[in-house]
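The values are calculated or read from the model by the stated rules, or taken from the named source; none is laboratory data. Note that the structure is predicted; figures quoted are calculated from it, not measured. All Cβ positions, glycine included, derive from the backbone under ideal geometry; neighbour counts span all protein chains shown.
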Amino acid sequence: MIRKKIAAVLGAAALAGLGIAATATPASAAWTDCSSGALCAYLGDNGSGDPGEVFGDNTNLLQYNKFNNAESVYNNGNSCNVRIYNGTNYSGSSFVLLRGYVIGNLDAYRSGIFADDLASNNWC
């Protein structure tokens, strides 16, 4: 009986964790190395490692290793949301990342179509 309860609690916690990883969430302290006004990409999940930073609109983020191989992303913009595309020159699939929000695991976000493939961005 106790084993079943423990298994149920662990299973619920695992499912809750998956739900959080697959959606955009507000940034926490783990993301503080991202400069104000920047779009930051990380080679590790949940903002681990040093960020790659860009400011302004970019037609080809693939030239930057941390965007070409991104596992997580943070919009630390000062006043705008940012649209991120998986194709260069604002092409392909896209999503809007709200100001102050993160995606902690791009492999789990939208079936992984943006994992290792943040190719261009524009603000507001």
Test: residue in the range 87-97 that is under 17 Å from ALA24 (Cβ atoms) and assigned to a loop (DSSP other than H, G, I, E, B) = no
Please work out which residue is nearest to ASP45 (Cα to Cα), limiting yourself to the range 66-103 and to residues that are in contact with a Lys or Arg (Cβ under 9 Å, 6 or more places away or on another chain) and aromatic (Phe, Trp, Tyr).
-> PHE95
Condition set among the small types (Gly, Ala, Ser) and within 18 Å of ASN86 (Cα to Cα), scope the range 40-66, selection surrounded by the most Cβ atoms within 10 Å (Cβ to Cβ): answer is ALA41
Residue count, the range 36-57 (criterion: assigned to a strand (DSSP E or B) and under 14 Å from ASP117 (Cα atoms)) = 4
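Looking at the range 82-94, which of its residues are in contact (Cβ under 8 Å) with a residue 24 or more places away in the chain and under 13 Å from the mean Cα position of the chain (by Cα)?
Within the range 82-94, the subset in contact (Cβ under 8 Å) with a residue 24 or more places away in the chain is 82-92.
Within the range 82-94, VAL82, ARG83, ILE84, TYR85, ASN86 meet the criteria.
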Candidate set from the range 25-35 (those that are surrounded by fewer than 14 Cβ atoms within 10 Å (Cβ to Cβ) and outside any strand (DSSP E or B)); member that is modelled with the highest pLDDT | SER35
Contacts under 6 angstrom Cβ, first residue in the range 49-61 being closer than 18 Å to GLY104 by Cα, partner exposed (fewer than 14 other Cβ atoms within 10 Å of the Cβ) and small (Gly, Ala, Ser), 6 or more apart = GLU53/SER35
Conditions (1) free of Cβ contacts under 8 Å to residues at least 40 places away in the same chain; (2) in a strand (DSSP E or B): number failed by LEU106 | (2)
Residue in the range 65-81 that is nearest to the chain's Cα centre (by Cα), counting only those that are at pLDDT 95 or above and of a type in the set (Gly, Ala, Ser) | SER72
